[in-house]
Amino acid sequence: MKFELDKHEKYALIKPLDVEELNSETGPKLKSEILLIHTEGIYNIILDLSHVHAVDESGASALLSANRLCRNYEGTFVLTGVHSEIQQLLGLSTTENYFSIVPTLTEAIDLVFMEEIERDLRREMGEEEQ
C-alpha cells in the first residue's frame, strides 16, 4: 500500500494511492501510517479517500481508530474525497456521526484551521479564568 504523505505545520495529509478498498489487509497499514504520524506530534490528519471506492468493517475500524486517536490528543481527523458508496456504508452503520466528512481538500484544510483556532481560544479562556 502506497501513500502520498504531505506534512504541514498544523496537519498531515494522507492519500492512499494504490488502494481501491480499505479492508482487512489495507486497513491495518493505514492505521500504522497514522500512528507513525501521530508519534511525530501531528494530531490533525486529513485523509483523502478519492482513490478508495470501498470500505469493509476492518477498514471502517481503522478509520474509527484514527479518529479516536486524533480526538484524544485534541486533534482533528477529517475525511475528504469520500465516494458515495463509502458514505452510504458509513451512514448505514451510524459511524458517519463520528467523522468530519467534507467534499473537498480545501474545505478539509479550512476545518482543521478553524478547529485549531477554537481550541486556542478555549485554552486562552481557561487561562484567563485562573
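The values are calculated or read from the model by the stated rules, or taken from the named source; none is laboratory data. Since the model is a prediction, treat every value here as computed from it, not as a measurement. The accessibility values were calculated without ligands, DNA or RNA, using every heavy atom of the protein model including side chains. Shrake-Rupley method; radii C 1.70, N 1.55, O 1.52, S 1.80 Å.
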Under 21 Å between alpha carbons, and skipping anything fewer than 8 positions from K10 in its own chain: which lysines qualify? K31
Solvent-accessible area per residue for the range 1-89 (1.4 angstrom probe, square angstrom): 49
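If you roll a 1.4 angstrom probe over the protein chains with everything in place, what fraction of the accessible area of the chain belongs to carbon and sulfur, to the nearest %?
About 49 percent, which is the carbon plus sulfur part of the accessible surface.
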Whole-angstrom Cα spans of the chain along principal axes, big to small: 49, 30, 24
